[in-house]
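I have placed the structure first, in the form of structure tokens, so that the comments after it can refer back to it.
The values are calculated or read from the model by the stated rules, or taken from the named source; none is laboratory data. On a predicted model such as this, the values are computed, not experimentally measured, just so you know. Neighbour counts are summed over all protein chains in view; Cβ atoms, including those assigned to glycine, are modelled from backbone coordinates with ideal geometry. Please note that ligands, DNA and RNA were not included when accessible areas were found on the heavy atoms of the full protein model with its side chains. Shrake-Rupley method; radii C 1.70, N 1.55, O 1.52, S 1.80 Å.
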Amino acid sequence: MSQDTYPPSADFVSKAHVSGMEAYQALYERAEKTPEDFWAELAEKELFWFRKWTHAFEWHPPFVKWFVGGTTNASYNCLDRHLATPRKDKLAIIWEGEPGDQRAITYQELHRLVCRFANVLKARGYKAGDRAIIYMPMIPELPVAMLACARLGIMHSVVFGGFSAEALKARIQDLDATAVITADGGWRRGKEVRLKDAVDEALVDCPGVRDVIVCRRTGSDVPMQEGRDLWWHELEQGVSDDCPAVELDAEHPLYALYTSGTTGRPKGILHTTGGYLLQTTMTMKWVFDLKDEDIYWCAADIGWVTGHSYIVYGPLSAGATSVIYEGAPDTPAWDRWWSMVEKYKVNILYTSPTAIRALLRQGDEWPNKHDLSSLRLLGSVGEPINPAAWEWYHRVVGKSRCPIVDTWWQTETGSILIAPMPGAVPLKPGSATLPMPGVIADIVDLDGKPARAGQEGYLIIRRPWPSMIRTIWGDPKRYEDQYWSRVPGAYFTGDAARRDEDGYFWVLGRVDDVMNVSGHRLSTMEVESALVKHPAVAEAAVVGKPDELTGQAVCAFVTLKGGGWDYDNLGSELRDWVGHEIGKFARPAEIRFTDALPKTRSGKIMRRLLREIVTTHSVTGDVTTLEDFTVVTKLSG
Ligand code: PRX
């Protein structure tokens, strides 16, 4: 193995759930050879079932069913089953609001809160099969709302609070949701993010929504529309503390989470109940080596898949104590996270390379002011982690004691698919290392031929896994085309990767028109569609530009209608416009005005050239299919 390899310490190995490489290999081989038995045994041992399944899975490509015939409930698994154990009085959630307010919620209390809110939903007539949008800040009522929906079989779709009214509207409409659960607002960098205002704006075009349930967080004034808007705390008056979890099919939809694809229209990734819950639970043990005494903190937002799987469903099903923080890492100062690690004695910290880079930039004095000795394991997700960020995370945050689990997965995969088991697999900075048991990952060319060691190709998964996407909401054809038609018989991830001589996976980034900005997926076409809606814009082409902090930044090339524009003002106007259409996080870092865009003779914008221009400031690739070559010279000048 190469020099830059970090084997686990003897101490870590001796206490780990999976100790040593041989133990990992044995698990992996068992799952590969006898997947039915492997998963069936785990499902039996790790989850509660009302009724046992008849067989572990049924695969009719590209559609899969897991734990066929079994009935269960995600909310029951995350709550009720712990109440008969000593975990009853264990903290499920340690929450801190940005202003400094705190809540500590035991499993028993969380069960009560979820039951009460489920009773509210029930009283309003919601039932299994209905769909609810959740648009909330990072407060305990967010997981409460999710688990209350799951309890009744209402499919939820959480919309990240950073999305605009327009983006919210598109999701409500695509899902035909009948309920919206929201809050007056939340706190971010000392300012109120006014969520209810965005809901009001979105709902002008969503006549199908019957109820808007509003949780009071900031206490600011919000207009309440008679007959539609209801206060959470008022609805809860007089409801019972008990609400039985509904017995649901293992394949009952749990949630749809929208993510960016290669078109302008986001896609609703559908996850179901039994398989999703099993694999998120297992990876809590395999990857985070979770022990009952751990304080675990996934510092992500619940609005993204990381928060669904590793703040809500995975940790609660596994019986973890999970820290949730509402606000920004720099409020009131850049040691907010470190002060929380010290205060709550956090053992496991999971975050994104972008966050690590932002913290690194502020200097070592911030973490060094605090006692971080409680940390025993660090995690990274969302994008490749660069050597400088890895080294800082390892040395300054982890004091060179803590393994770093670099976890590769996607909204579609539901749970972590490639990552080290920290008590078994030696680390190599920048590599997500080896696949989880049951995950048959490979690297191939577009003809499906396996790549040699060291050769770059497409990352694919050869077999269905329990927490896999089931379909794209309302569009099974797109599901099939997008994931199962590129490489016959295999799931196409859209990522490029290579495998080294030790079989380690190195994920290099997207091969499609999807950008990764701060670990968030954003489609170039989504931003382009937003830009061309502006009256001044004739055409727009968007590419990801390498960025030291955010991994990639949005760079837009824009042609305008007519002349005489005030370019300076228009640039910031267009940025805000994209913020309004999608959300602030999608605002282009750079807008370049141009007379024309480089196109093929058939009229397709050549993003490849634009990418080259923003990356290398010149064009060396093949330009023979260009409509107007002078365009390139002008753009790169
Ligand atoms: O390109 C890969 C990158 O993020 C994409 C998935 O994005 P999303 O669905 O938003 O989910 C992010 C959180 C799971 C992947 O296709 N990605 C994710 N994790 C890693 C990564 N790239 C490299 N290394 C990772 N650990």
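Ranking I134, L121, L203 by Cα position along the charge dipole of segment 117-215, where only Lys, Arg, Asp and Glu carry charges on their C-beta atoms, puts L121 farthest toward the positive end. Along segment 125-136 the Karplus relation, 6.51 cos²θ - 1.76 cosθ + 1.60 evaluated at θ = phi - 60°, assigns HN-Hα couplings of x, 7, 8, 3, x, 6, 10, 10, 9, 10, 9, 9 Hz to successive residues, with x for each Gly and Pro.
Any lysines with Cα under 16 Å of the K15 Cα? List them, leaving off those in the same chain fewer than 8 positions away. Here the lysines satisfying the reach criterion relative to K15 are K285, K291.
Amide H to amide H distances under 5 Å link T433 with F505, where only residues 5 or more positions off or on other chains count and H is placed in the peptide plane. The alpha carbon gyration tensor of segment 418-474 gives principal lengths a ≥ b ≥ c with a/c of 1.5 or higher and a/b no greater than b/c, which makes the shape oblate.
Only Lys, Arg, Asp and Glu carry charge here, each on its Cβ (+1 for the first two, -1 for the last two); on that basis segment 161-266 has a dipole of about 660 debye about its Cα centre. May I ask you to list the residues of segment 115-155 whose amide nitrogen lies under 14 Å from a point 7 Å from Cα along the Cα→beta-carbon direction of S220? Residues 137 qualify, since their backbone N sits under 14 Å from the label point. Our Cα-only numbers for segment 70-163 put the radius of gyration and Dmax at 13.8, 45 Å.
The translational diffusion coefficient of segment 518-636, from Stokes-Einstein at 37 °C and 0.692 mPa s with a Kirkwood hydrodynamic radius over alpha carbon pairs, comes to 225 µm²/s. Looking at the chain, the accessible area is 37 square angstrom per residue; that uses a 1.4 Å probe and ignores ligands, DNA and RNA. Any idea how far the Cα center of segment 410-456 sits from the one of segment 39-99, in Å? The two parts, judged by their Cα centres, are 25 Å apart.
Calculated FRET efficiency, D447 to V68, Cβ-Cβ distance, R0 = 35 Å: about 0.55 to the nearest 0.05. Taken one residue at a time, the phi angles of segment 237-245 give Karplus couplings (6.51, -1.76, 1.60, θ = phi - 60°) of 4, x, 7, 7, 7, 10, 8, x, 6 Hz. Gly and Pro are set to x.
Built from the Cα atoms of the chain, the convex hull projects on average onto 28.3 nm², one quarter of its surface area. Only lysine pairs 8 or more places apart, or on different chains, with alpha-carbon atoms under 29 angstrom apart are counted in segment 76-217, and they number 9. The modelled label-to-label distance for the pair E548/K584, using points 7 Å beyond Cα in the direction of Cβ, is 2.4 nm. With R₀ set to 35 Å, the beta-carbon distance separating A388 from R592 gives a calculated FRET efficiency near 0.75. Considering only W59, L427, Y255, and ranking their Cα positions along the charge dipole of the chain that arises from unit charges at the beta-carbon of Lys, Arg, Asp and Glu, the one farthest toward the positive end is W59. Computed from point charges on the beta carbon alone (+1 for Lys and Arg, -1 for Asp and Glu), the dipole magnitude for the chain about its Cα centre is near 420 Debye.
Please state the shape class of segment 157-242: rounded when a/c is under 1.5, otherwise prolate if a/b exceeds b/c and oblate if not, all from the C-alpha gyration tensor. Because a/c hits 1.5 or more and a/b fails to exceed b/c, segment 157-242 counts as oblate. Taking square-rooted eigenvalues a ≥ b ≥ c of the alpha carbon gyration tensor, is segment 101-244 rounded, prolate or oblate, where a/c under 1.5 means rounded and, failing that, a/b exceeding b/c means prolate? Here segment 101-244 falls in the oblate category.
Here the chain exposes an accessible surface that is 52 percent carbon and sulfur, computed with a 1.4 Å probe and the other protein chains kept in place. Total lysine pairs in segment 518-636 at Cα distances under 22 Å, for residues eight or more apart or on different chains: 13. Were the residues from T5 through K90 laid out at 0.36 nm apart, the gain over their Cα-Cα distance would be 26.9 nm.
Between D364 and Q410, the contour length at 0.36 nm per residue exceeds the alpha carbon distance by 13.4 nm.
Taking each residue as 0.36 nm, the span from K52 to E234 lengthens on full extension beyond its C-alpha to C-alpha distance by 61.6 nm.
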